[in-house]
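The values are calculated or read from the model by the stated rules, or taken from the named source; none is laboratory data. All figures in this text were calculated on a predicted structure; none of them were measured in a lab. Please note: Cβ atoms are built from the backbone with ideal geometry, for glycine as well, and neighbour counts cover all protein chains shown.
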Amino acid sequence: MTNIVEKYGKNAGKIWKTLNEHGTLTENSLVRRTGLKKEDFYVAVGWLAKENKIYFDENTYTLGQNNWEETIGENAGKVWNIVDTCDEIDITYLPKLAGITEENTYCALGWLAREGKINTKKVKPRKTLTKVTKN
């Protein structure tokens, strides 16, 4: 079984490789070319933002210096404070608790994963829930 943080890193690599090969792409084109689900896409974007490797302009992405570090970093801080307080939480609750969009929550999770601050696990029996735990 692949470690989820390792998966996040590989997905970030897919985005980096695609942008390196094709240059600036819209979000939809990038999602289509990488074959990532939207949640995985945003996590990977957050990972690359933490590495200062992705630039966002309106609805396009390109390789370059991160221009929205403050926003993602602030959102990552909000998510981290919730995870740190709860130790473990279902990801679906994070956007409402943090007061940010679902997309921004996933970017924040990618940022935190790159920092090595979170792990995720799947929990059953009700549909698979993904939880975030602090490291």
With (1) under 21 Å from Glu6 (Cβ atoms); (2) under 14 Å from the mean Cα position of the chain (by Cα) as the list, and Glu69 as the residue in question, which single condition is left unmet?
(1)
Answer residue from the stretch 2-20, given it is assigned to a helix (DSSP H, G or I) and among the polar types (S, T, N, Q) and is surrounded by the most Cβ atoms within 10 Å (Cβ to Cβ) among those
Asn11
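Residues are listed down the side, and each one gets a yes or a no for (1) polar (S, T, N, Q); (2) surrounded by fewer than 21 Cβ atoms within 10 Å (Cβ to Cβ); (3) closer than 22 Å to Glu21 by Cβ:
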site	(1), (2), (3)
Phe56	no, yes, yes
Asn67	yes, yes, yes
Asn81	yes, yes, no
Leu94	no, no, no
Note: among Val45, Val31, just one is under 17 Å from Ala76 (Cα atoms) and at pLDDT 95 or above, namely Val45
